[in-house]
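The values are calculated or read from the model by the stated rules, or taken from the named source; none is laboratory data. Since the model is a prediction, treat every value here as computed from it, not as a measurement. Cβ: placed from backbone, ideal geometry, glycine included. Neighbour counts: every protein chain shown.
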Amino acid sequence: MLLPFVTGTAEGMSSSVMTESRIAATARDAAAAIMPLLGAPAPSAHRVRRLIVPTLTCSWTELDVVFEDALEKLIALPPAIPEVTDPTWDAGLPAPRAEKTDWNERGATWSVSAYDEDAVVGPSGTVGRLVQSDRRHALIVEDGRAVRTRAHCACAPKERRERGEVAFELVTFGRGRSVLDVRVGVACGLCRAVVG
């Protein structure tokens, strides 16, 4: 039951990009799925989530050991103490960025004049750094490093997962810096080429 959440293949998981909010949400969903299997009286959901997090954040080379350790600890959890409320797991964390691939405000203007400590928000909501900006294009990348937008990733899936994926947004301008097109995607953290 836990494995699809660990490998990023659980239903509803649209991206393997690891952010604080995505890890918290995945741990919450995985705990909700496996709590009924742990029997009654149920253990603390907070302790279950804490044991799941290492399986979501470890490298692929450590996964087997970490996964087995988490399963052993989950099975050995004692029942929750009655009348003790679990802390809120993901309160205050920003929601994962919703990818808007059908950005339809053509002709709207977009300016990079609004900076928040070097962070820029693109027309489709990508938060990152402005890597390239000229008369025709603007490239915003989540980690502030260049992305090869015309190349496709050929890395092994395992290597790509270990390095993670990076969100980017490529804005194409027309006359008067009006937005003609917005391309939203993710790039490989290893070769910096587009994934998919």
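Worth pointing out:
- Scanning the range 69-85 for residues that are assigned to a helix (DSSP H, G or I) and surrounded by 11 or more Cβ atoms within 10 Å (Cβ to Cβ) yields D69, A70, L71, K73, L74, I75.
- Selected residue [within 29 Å of V6 (Cα to Cα), in contact with a Phe, Trp or Tyr (Cβ under 6 Å, 6 or more places away or on another chain), surrounded by 15 or more Cβ atoms within 10 Å (Cβ to Cβ) and modelled with pLDDT of 75 or more] from V147, V66, V53, V127: V147
- Identity of the residue in the range 155-196, basic (K, R) and not in a strand (DSSP E or B), that ends up modelled with the highest pLDDT: R192
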